[in-house]
1. Any chance you could check the Cα centroid distance between the range 127-173 and the range 52-86 for me, in angstrom?
2. Take the alpha-carbon positions of the range 1-90, form their convex hull, and give its projected area averaged over all directions (one quarter of the hull surface) in nm².
3. Pick out which of G199, G108, G212 has the largest mean-square fluctuation in a Gaussian network model of the chain, springs linking Cα atoms closer than 10 Å.
4. With 10 angstrom as the radius, rank L66, L94 by how many other C-beta atoms surround their C-beta, starting from the fewest.
5. Treat the range 153-260 as a sphere of radius equal to its Kirkwood radius over Cα pairs and apply Stokes-Einstein at 37 °C in a medium of 0.692 mPa s; give the translational diffusion coefficient in µm²/s, rounded to a whole number.
6. How large is log10 of I(q)/I(0) for the range 124-206 at q = 0.12 Å⁻¹ when the intensity is taken from the Debye formula with one equal scatterer per alpha-carbon?
7. Please report, in Å, the Rg and the Dmax of the range 3-240, where both are computed over Cα atoms only.
8. Quick one: order V31, V180, V229, V154 by neighbouring beta-carbon count within 10 Å, fewest to most.
Amino acid sequence: MAEVIVLDTKEAGASLVADHIAGLARTNPAVTLGVATGSTPLPVYAALEERAANGADFTQAAAFALDEYVGLPDGHPESYAAVVNREVTQRLGLDTARVHVPDGTLSGIETAGERYERALTEHGGVDLQLLGIGTTGHLGFNEPGSSFASLTRVKTLTERTRQDNARFFDSLDQVPMHCVTQGLGTILRARHLVLLAFGEGKAGAIAQAVEGPVTASMPGSAIQLHPHVTVVLDPAAASALQHRDYYRWAQDNKPAWQGI
Ligand code: F6R
């Protein structure tokens, strides 16, 4: 079962995760982070920027993004290549040569998934994968129906996800229809999954992912198949969890040596 940690604010959750990542980078400077985009992980990146300003060194760390839109012009500010560069690479002081994002360029899109899988495998995989969850339950852009064995490939976004992400664009029709996303099978290969969710809008998806049946209709439920998952929530995102009193109890009585 995933470890579920509920903290009073998203900043407190972000701080916990940032401390853990800074610790990983201390013991293994070449740590590989799987990075998500969207708004959820932003407080983690802000907290990591603070750790970097206070001496944490991420210059040898590597990062692999979860996904990319297909067909946005090179340098588009909402392409995930640009977002990862702005929010992760620059803020943490990563080496751009060690930061990877799937290639959403139209020419050669047929092989983008395969190329990304190869890069991930040759690199040796991801140590810690940060994840957000969509209101549809998607992880990465694996929309409902995605196979738990899926690898990086082109997917079609649901209308709901396009509407959710329209806030980053000037209008809905500018939100791409397609993306290249790590598959659920790819994500499950990462050695530690850290799923973050904040706010009431995520409560339903979190309850289904953590406690619901394991089904391709709820891609988030794939986390139940992974041996090391930490779910970090604020009280609103945790509000629909049936066993939240137990999670709190386990958290309050956790042996200090365990970490996350
Ligand atoms: C982003 C990603 C998505 C988002 C999800 C939640 O790289 O893969 O799964 O994590 O859409 O988005 P936010 O955090 O904006 O609510």
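Coordinate-derived values only; no laboratory data. Computed from a predicted model, the values in this text were never measured in an experiment. Virtual Cβ from ideal backbone geometry, glycine too; neighbours counted across all protein chains shown.
1. 17 Å
2. Working: hull surface 27.9 nm².
If you wrap the Cα atoms of the range 1-90 in a convex hull and average its projections, you get 7.0 nm².
3. Maximum among the listed residues: G108.
4. Numbers: L66 29, L94 22.
With the fewest neighbours first, L66, L94 line up as L94, L66.
5. Numbers: Rh = 15.9 Å.
Using the Kirkwood radius from Cα pairs, D works out to 207 µm²/s.
6. -0.37
7. 16.5, 46
8. Working: V31 20, V180 27, V229 23, V154 16.
Going from least to most buried by this count: V154, V31, V229, V180.
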